[in-house]
Amino acid sequence: SRIFQMMLRADVHNMRSLMLVDADVAEFTASEGSRVTRHAVKDLGLPFGVTIGGLVRDGVGMLVNGNSQIIAGDTVMVFCHKHKLKNIEKYFKKSSLF
């Protein structure tokens, strides 16, 4: 899992592998102006097989549903298949395009 962290350019704090389901759980920090902060979770267009399970905001853990709005600085728990992890980082990085 350390290799995956080195491949990603987003701020990934922790990652665990779920061997039995060939999936990863990663914690991303939402950057200011990142794609994940622009819409409610249900409108983000996340790839199939990717689930945002929860987030931590100001030290308080919260469950996430489709109407949740992620804001910059939130630490977000993402569940996905290993091969999708690289596709998820673009949602959390600061975008130079507006």
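The values are calculated or read from the model by the stated rules, or taken from the named source; none is laboratory data. Bear in mind the structure is a predicted one, so any value in this text is a computation, not a measurement. As a convention, Cβ positions derive from the backbone with ideal geometry for all residues, glycine included, and neighbour counts pool all protein chains shown. Keep in mind that these areas ignore ligands, DNA and RNA; they rest on the heavy atoms of the full protein, side chains included. Shrake-Rupley method; radii C 1.70, N 1.55, O 1.52, S 1.80 Å.
For this structure, a couple of remarks:
- Considering residues of the stretch 46-79 that are within 9 Å of the chain's Cα centre (by Cα) and hydroxyl-bearing (Ser, Thr, Tyr) only, the residue surrounded by the most Cβ atoms within 10 Å (Cβ to Cβ): Thr75
- Members of the stretch 39-97 that are basic (Lys, Arg) and modelled with pLDDT of 90 or more: Lys42, Arg57
- Taking residues in the stretch 55-77 that are in contact (Cβ under 8 Å) with a residue 40 or more places away in the chain, and partners anywhere that are open to solvent by 60 Å² or more (accessible area, probe 1.4 Å), the pairs with Cβ atoms closer than 6 Å and at least 6 places apart or on different chains are Ala72/Glu32; Thr75/Val56.
- Tallying residues that are open to solvent by 60 Å² or more (accessible area, probe 1.4 Å) and not hydrophobic (A, V, I, L, M, F, W, C) within the stretch 21-45 yields 7.
- Of all residues making up the stretch 22-38, the number that are more than 13 Å from Phe79 (Cβ to Cβ) and either in a strand (DSSP E or B) or at pLDDT below 90 (or both): 2
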